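What follows is one structure encoded as structure tokens, with my remarks underneath.
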Amino acid sequence: MASPKFPPIGLYLTVFGTLVGVVLGAMGTAIGIIQPILLALPFVAAGGLYCFFTYFEVSILGLLIVRTSLDVFSAQQMPALWALAMIALTLLYVLVRLLIHQPLQVDGFWWFLLAWLVIQGLWVILLPLGGLGFDGSFLPSAIREWVRLFSWVMIYLLVMQLKGRVTPQQAIACLFLGLVIPAFVAILQLALPPSVLPPMLVYGSGNTDGLPFEAGSRINGTLGHPNTFTTFLVLFLGLTYWKQQESNPRWPWAIALAVIAFLFVNTKSLFGLMMLATLILALIAPKLSLPSLLGGIVGFGLIIALFGSTEFGQERLGSLGETPLGNPDMELWRAILLAQGDGNSFNWRLAQWTYLIKQWQDYPLLGFGLGTNKYISANGLEPHNDYVRALVEGGVVGFVFFLLLLLSTIARLIWLIRAAPAGTAQRNFCFTLLAIWLSIPVGMITENIWTHTSLFLYWWTMVAIAGWDWDEKRSPNSLVPSPTLSPKPHPVYFS
């Protein structure tokens, strides 16, 4: 029996959106409460839906590329709107696939992420029920945090649907475009005085976490904060190194690696140096040899030298000597007292962690609730330690689940490494991802990496791609309009 013919769902969605727009337009004209510019929104939404389903591959990768330029518009809620739009598109895609009896492509690790996310929702439910340190008045913050985590899981699911439509190499190459605008803006921040740049692009022109930084002293690209830009650059340092090892000729990627390293140095983030050292060590460990060891030492030494070549960098490195980390004779209580007036960011962190841990002791089992860490601290600032954040927000139970996610991701990458053939691009890619992931928990000791949304959106995208079949045969016509909703069945993949 011939397969049933399904209607062009993109056309139906367009017609539906147009009808809704006409109705809303008529109501707005009659009542006079809708501004003219808002009347175009339904038509724009309908057109967007049509493009999403017709140009599925381009839409997903394009939206991911655009995301890295939105953090500078946080005051306009653009990152939040992007996340809500991606969640809505993913849920709509899943609904349509189910309606036309088409399976989704998922893997076993996605189910783990979904289960982990559902468990995180328990802290949202317990908040208004009085089971946590805070009451229901903090529910909006908890929901906002849970939705942010939900967007990560949805991105993973959406990227899995590209499997077989786009090759892994094409997808990864497209994601490199997400670094272009942040890097370009960062170069402008280095080349131009802060007075000629828009305030949103100048770090230090507004609130700088309450720490004494001169406006324009650090670069942040379009990622909002230098530390957020730092972790994003660490991700691409690892990916660029992988591309450089897999490409022939290698010199274009070597130049790209040097440019990214230069931008990394000018973020002037001390925690970034710890992440970089971990990344280099993890990258050279599997094939440890004298040349690789010397190369790693020389590369890291050059970055340290560049970091300390400026007055600001020298001050940052010298400040370590005024902390218990660099001065074993300094006691913790003294460092905390000094943090109130010496401007030392590490001592300030020690004081912040000490205060938050004391607060956590009042609700040790389940903590205060998702997204509440700023309300727990006396100064309204983030903990600058993701382990402390997990402890105060989720208590011991939440902290265990946080560690479970970190360790399970390591286990997933190791499983993929062992499953991939030796010497292949896929295996080397998984090794690179493992090295990057090992550096992230190190950075979490002194930074709010958990809040770096762009980093994790790209991270879970990379993890999803790592699980694809890299030797899968496919049509050479990629990144073109495809019959996304055709009746031809696609098997569900589990790995």
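General remarks:
- Taking the square roots of 5 times each eigenvalue of the Cα gyration tensor of the range 158-197, largest first, gives ellipsoid semi-axes of 35, 9, 4 Å.
- Heavy-atom accessible area order for Arg165, Arg427, largest first, 1.4 Å probe: Arg427, Arg165
- Compared with the alpha-carbon gap, the fully stretched path from Leu365 to Leu117 is longer by 87.4 nm at 0.36 nm per residue.
- Cα→Cβ-extended label distance, 7 Å offset, between Asn248 and Arg418, nm: 3.2
- Over the range 90-225, relative contact order from alpha-carbon pairs under 8 Å, at least 6 apart, %: 19
- Highest average packing first - 50-63, 124-137, 145-158, 455-468, Cβ atoms within 10 Å: 455-468, 145-158, 50-63, 124-137
- For the peptides 221-232, 91-102, 394-405, 275-286, residues were scored by their other Cβ atoms within 10 Å and the scores averaged per peptide; the highest-first order is 221-232, 275-286, 394-405, 91-102.
- Calculated FRET efficiency for the pair Leu381/Leu91, C-beta based, R₀ 51 Å, to 0.05: 0.90
- Model label sites at Val147 and Lys374, defined 7 Å from Cα along the beta-carbon direction, differ in position by 1.5 nm.
- Val66 paired with Ile125, simple spin-label distance in nm, labels 7 Å along Cα-to-beta-carbon: 3.5
- The calculated FRET efficiency for the pair Phe262 and Phe73, based on their C-beta separation and a Förster distance of 35 Å, comes to about 0.85.
The values are calculated or read from the model by the stated rules, or taken from the named source; none is laboratory data. Keep in mind it's a predicted model, so treat the numbers as computed, not measured. Heads up, the Cβs are rebuilt from the backbone with ideal geometry, glycines too, and the neighbour counts pull from every protein chain shown. These area figures cover heavy atoms from the full protein model, side chains too; ligands, DNA and RNA do not enter into them. Shrake-Rupley method; radii C 1.70, N 1.55, O 1.52, S 1.80 Å.
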